[in-house]
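The values are calculated or read from the model by the stated rules, or taken from the named source; none is laboratory data. Just so we're clear, the structure is a prediction, and the values are computed from it rather than from any experiment. A quick note on method: Cβ atoms are made from the backbone with ideal geometry, for glycine too, and the neighbour counts reach across all protein chains shown. To get the accessible areas, we keep the full protein, side chains included, count just its heavy atoms, and leave off ligands, DNA and RNA. Shrake-Rupley method; radii C 1.70, N 1.55, O 1.52, S 1.80 Å.
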Amino acid sequence: MTTTRSYAGEAAPRSLADELRGWPDDRLARLLQARPDLAAPVPPDLGVLTARAGVRLSVLRALENVDAFTLALLDGLVLSETTTAAAELSALVGGQDVRAGLERLRDLALVWGDDDALHVVGAVREVLGSHPAGLGRPVAACLARHSDRQVQPVAEAVGVDGIGGLVALFADRVRLGALLQRAGAEEQKVLAALAAGPPLGQVRDALRTGPVDSPVRWLLAHGLLVAVDNSTVELPREVGLLVRGAAALGDVSPTEPPLDLTTPKGVDAAAAHNGADVVAKTEALLEQWSAEPPTVLRAGGVGVRELKRVAQLLDTSELVAGLLIEVAGAAGLVDQSGDFDPLWLPTTAYDAWLGLPTELRWAALARAWVGLPRLPRLIGERGERDKAVAALSLDLDWPAAVNERRRVLDLLLETQAGAAPTPESVTALLHWRAPRRGGRLRGSLPQWFLEEAETLGLTGRGGLSTQARALLTGTDRDAARVLGALLPEPLDHVLVQPDLTVVAPGPLERDLAREIALVADVESTGGATVFRVSEGSVRRALDAGRAASDLHELFRKRSRTPVPQSLTYLVDDVARRHGRLRVGTAASYLRCDDEALLSEVLAAKRAHQLRLRRLAPTVATSASPVGEVLEVLRGLGYAPAAESADGALLLATPEPRRMTFRPRPPRHAEVLLGEEQARLAVTALRAGDVAARAARRTPVTPASRTSTADTLAFLQDAAREQRQVWIGYVDAQGRATSRVVEPRSVEGGFVAAYDYLRGEDRTFAVHRITGVAPVAEEDDAS
């Protein structure tokens, strides 16, 4: 069924500008909201708006938001070289209703005119190219560069005369159908393959005339294929349409494909677990970078070696490690220092983030990911310089990611709570809704974003969680309230095992987590975190200022299981040996109250690299720095401790390094126009259009200067009645302009008025006004 739109009682529009002038204000406002680039800045009149709507780049942007069926209709309109009737268009899609699609194209100012004479904006043909809907050019265009001598054998083979006869034959579907019936089965297969698109094929010696020894040669000899050059053949559009039959524009449907949904159990619980895990991993990452910040690569970003180290630290893949680094950067928790050799350091915002409860920390990370104008999934891929793309590098910038990610999330919001769509159906639906979005990555982006959402805890088992719905439709605190009810209470205890492992059966209180992380190393993560106590980890705690009694008390109070003797012996043994050797700065020196122990160190072969020299029974010096001496001696199995110049024990806990937090403005790939902004823009457009048309006519009041008294009286009446008027005005630079204003007051030789062209209040000098006219009369005159 087709629409029967007509212009009964009024002249049909002669151009897109004429059609736009007949639109109501609310429809014009919707156009500006759908195509916000048309209003940046607000055009002075509808003529300029029409010109902008026909710019190639603007058309490209508009087509990004057009669905597959509507795009197919546009292809169908472009197939005609002049105008197309809606009935013809409906026939191209198998008789389906095209009214909604046509109105969508009209609302976007891509198509205009009556249903019996639909016109396409010129730039649309340029954007869609010479093969719309995967069909070739008309036969006349295909033969345009062929000579009469080249065409005549083909014309004789089909029983017509010259190029004109061929064109007439191809325009007659009955005669063309009869010609197709003469083709054999192999020839029909070639036609079907090219008709499905693209319509071009490769063949050797395509321009050669000679024996018909193959299906392609038969088709060339009968004009059903046309040689473009000596290696390329093209299927004419008329043939392609006939081969396709009723569905000439392909298998298109006006209804979107359905989502394949499952209903897994525990969506919110799984998402909450992932969210808490992401918070813990992000904290571990930034604590590590606080102590040992990585350097910034010369080209920017984090090196591959550091990324591997982070993945190992967090017991995760490099893809997830890169994602967490990017999200931390987007949340403002990490930034590069301003040093000559810059480092990646946590910011002061990280300290504030640490002070928040887990649920609010998750909301901050999730919000940062939703607005991230980058593609973390490209980390490790080969970039333009054939080098691996680094995390936090400029190569990951892709402003459109914000809108593409939001499209995926908005689609998940449309599903019922607890439902999980399959990634394949999500990709198919998003592609139907906007086939031209996403560029070369359009097939991969939905899958990437779904995987990232699962990792970050916005989805669980494929379904959008309740906390994510609260985040996307409300505030961070709304999401935190939902997530907080799902998270278990932090535990105040651990389980110490006889094999020197410490099991945290759930999230630990912050102070306990820090103490356990100091005295033990993470061995595995998951529902429960397993730590392992070793000689090195105990020494690390002692270096940080903990005494053996502190560690015994920690395990005694916090363990729900008996503390094994092996752990007690390990702590006491390391503490007994800890600090017996003291290393200070000479370049460095070695001090030990046990002369025998010092003699043992000096005799060790592996200590020769330190070039130790004994100055006294209990003191030796080295040319190596303190850090190297400590590292070598610890590698030999000793437990040295560093001391200050006054002999005090130096703690190994470094001062946390921080970067000043530098808030960054949000980045948007698309400029959005609000309803009020669109309404004001339309008001300015209407006024500007009236002014522009009035300037091309003789105004009611002559354009030559009128008497000042008449001008003042006219403007004072307009101010009292609060009506718009047209004025001719010469500015201080001598430029003559025409504009529509609404006078507010007239006094002292000046007019205070609202200028609709500029959208602001202005003051005009009366002696510079060259003419005045009422807007209403000008509008009626048009």
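Heavy atoms only, probe 1.4 Å: what % of the accessible area of the stretch 518-633 goes to carbon and sulfur, would you let me know?
The C+S portion of the solvent-accessible surface of the stretch 518-633 is 50 percent.
Dipole size in debye (nearest 20) for the stretch 489-581 around its Cα centre, Lys and Arg Cβ +1, Asp and Glu Cβ -1?
Approximately 240 debye in magnitude.
Under 5 Å between amide hydrogens, which residues at least 5 positions from residue 231 or on another chain qualify, with H placed 1.01 Å from N in the peptide plane?
206
Just give me a number: lysine pairs in the chain, eight or more positions apart or cross-chain, with C-alpha atoms less than 27 Å apart.
4
Stretched out fully, how many nm does the piece from residue 25 to residue 615 gain, at 0.36 nm a residue minus the Cα gap?
Computed gain between residue 25 and residue 615 is 202.9 nm.
So with the 1.4 Å probe, I'd like the accessible area per residue for the stretch 40-164, rounded to whole Å².
On a per-residue basis, 40 Å².
Carbon and sulfur together cover what percent of the accessible area of the stretch 52-125 at a 1.4 Å probe radius?
Here carbon and sulfur together make up 51 percent of the probe-accessible area.
Give me a comma-separated list of calculated 3J(HN,Hα) values for the stretch 233-242, in order, Karplus coefficients 6.51, -1.76, 1.60 applied at θ = phi - 60°, integers in Hz, x for any Gly or Pro.
Each residue of the stretch 233-242 in turn: 10, 10, 8, x, 4, 4, 5, x, 5, 5 Hz.
List every residue whose amide H lies under 5 Å from the amide H of residue 393, counting only residues 5 or more places away in sequence or on a different chain, with H placed 1.01 Å from N in the peptide plane.
It is 302, by chain and number.
Residue 568 label point, 7 Å along Cα→Cβ, cut-off 19 Å on backbone N: hits in the stretch 499-538?
What the label zone holds, given the 19 Å backbone N cut-off, is 499-502, 533-535, 538.
Using only Cα atoms, what Kirkwood radius does the stretch 259-298 have, in angstroms?
About 13.1 Å, per the Kirkwood formula over Cα pairs.
Given the whole protein assembly as supplied and a 1.4 Å probe, what does the accessible area of residue 431 come to in Å², nearest 10?
90 Å²
Per 0.36 nm of contour for each residue apart, how much would the distance between residue 676 and residue 18 grow if the chain were fully extended, relative to their Cα-Cα spacing?
234.4 nm
Just to confirm the number: angle between the C-alpha axis of helix 476-486 and the first principal axis of the chain, 0 to 90 degrees, nearest 10?
Tilt relative to the chain: about 50 degrees.
If you line up the long axis of helix 708-721 against the longest principal axis of the chain, both from Cα atoms, how many degrees apart are they, to the nearest 10?
70 degrees
Can you give the local net charge around residue 597? Use residues other than it whose beta-carbon is closer than 10 angstrom to its beta-carbon, Lys and Arg +1, Asp and Glu -1.
With Lys, Arg at +1 and Asp, Glu at -1, the net is -2.
Considering amide H positions built from the backbone, and no H for Pro or chain starts, which residues 5 or more places from residue 559, or on another chain, come under 5 Å of its amide H?
494
Could you report the accessible area of residue 444 in Å², rounded to 10, computed with a 1.4 Å probe on the protein chains as they sit in the structure?
50 Å²
Using only helices, what value at 222 nm comes out for the chain when you add -39,500 (n - 2.57) per DSSP H run of length 4 or more and divide by the total residues, to the nearest 500 deg cm²/dmol?
Calculated from helices alone, the mean residue ellipticity at 222 nm is -13500 deg cm²/dmol.
Give the peptides 549-557, 386-394 in descending order of average Cβ contacts within 10 Å, highest first.
Sorting 549-557, 386-394 by mean packing, highest first, produces 386-394, 549-557.
Given the chain, report the % of alpha carbon pairs whose separation exceeds 46 Å.
Result: 51 percent of Cα pairs exceed 46 Å.
Which shape class, rounded, prolate or oblate, goes with the stretch 305-443 when its Cα gyration tensor gives a ≥ b ≥ c as root eigenvalues, a/c under 1.5 marks rounded, and past that a/b bigger than b/c marks prolate?
Oblate, since a/c reaches 1.5 and b/c is not below a/b.
Could you tell me whether the stretch 45-90 comes out rounded, prolate or oblate from its Cα gyration tensor? Rule is a ≥ b ≥ c as square roots of the eigenvalues, rounded for a/c under 1.5, then prolate if a/b exceeds b/c, otherwise oblate.
It is oblate, given that a/c is not under 1.5 and a/b is not larger than b/c.
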